[in-house]
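Scroll down for the structure; my scribbles are underneath it.
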Amino acid sequence: MKIFALVCVRNESETIRVFAHETLRFVDGILFLDDCSSDSTITQINLIKSTTEKTVEVLTKGSWLWNEASNRNQLLEFGRSLGGTHFLTIDADELLTSNLHQIGGIRAIGERMSPGDSLEFQWLQLWRSTSYFWSIS
């Protein structure tokens, strides 16, 4: 089993290092698709890549055009070409919570899944602090 996070990014330099650090705890690598960032997102990705032994790769687009389905499909094809078997689609401003480790992590969940299965996580939106949040199911 090889698990890749698939992440579309554009101007995510403020959040991408924390995102990558936390996400790499759960996956074998992160595959980014940069949609013409005008900040230091690519520089930050290269720093992440240089400080981990896990796979961190980035595809870049030549011109900005938001097409979510196309972007996700490019990442999925890229992930499959690198031997990926399981994929996590996540935004760079989202984090997986540490209690995921308590249930064995994504790998344990993936081992129980059949081909074609999908999994959806509960989304919590913090509100003013880490003690208050909105729960969206």
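The values are calculated or read from the model by the stated rules, or taken from the named source; none is laboratory data. These figures come from a predicted structure and were not determined experimentally. Cβ placement follows ideal geometry from the backbone for every residue including glycine, while neighbour counts extend to all protein chains displayed. These accessible areas exclude ligands, DNA and RNA; they are computed on the full protein's heavy atoms, side chains included. Shrake-Rupley method; radii C 1.70, N 1.55, O 1.52, S 1.80 Å.
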* Asked: Which percent of the accessible area of the chain is formed by carbon and sulfur heavy atoms (probe 1.4 angstrom)?
  -> 50
* Rel. contact order, % - alpha carbon contacts under 8 angstrom, at least six apart, region 2-137 -> 30
* Structure fact -> For the chain, the dipole about the Cα centre with charges only on Cβ (Lys and Arg +1, Asp and Glu -1), to the nearest 20 debye, works out at 260
* What's the percent breakdown of Cα-Cα distances in region 26-82 across 5 Å bins, shortest bin first? -> 4, 17, 28, 23, 20, 7, 1
* Structure fact -> Contour minus Cα-Cα span, S118 to T85, at 0.36 nm per residue, comes to 10.6 nm
* Quick one: order M113, M1 from most to least accessible surface, probe 1.4 Å. => M1, M113
* Asked: Considering the chain as a Gaussian network with a 10 Å cut-off on Cα pairs, which listed residue, S50, S81, S114, attains the greatest mean-square fluctuation?
  -> S114
* Asked: To the nearest 10 square angstrom, what accessible area does D28 show with a 1.4 Å probe?
  -> 40
* To do: Treating the Cα atoms of region 56-107 as identical point scatterers in vacuum, please give the log10 of the normalised Debye intensity I(q)/I(0) at q = 0.22 Å⁻¹, two decimals.
  => -1.02
* Asked: DSSP beta bridges in the chain, what fraction antiparallel, as a percent rounded to 5?
  -> 25
* To do: Obtain the radius of gyration and the Kirkwood radius of the chain from its C-alpha atoms and give Rg over Rh.
  => 0.96
* In whole Å, what is the distance between the alpha-carbon centres of region 67-131 and region 1-22? -> 11
* **Extended-chain gain in nm, criterion 0.36 nm per residue less alpha-carbon gap, H101 and R17** => 28.2 nm
* Asked: Quick one: longest stretch of the chain between exposed loop chymotrypsin sites (Phe, Trp or Tyr not before Pro), exposed meaning at most 14 other C-beta atoms within 10 Å and loop per DSSP?
  -> 1-63
* region 44-137: GluC sites (Glu not before Pro) falling in loop per DSSP and having at most 16 other Cβ within 10 Å -> E53, E94, E120
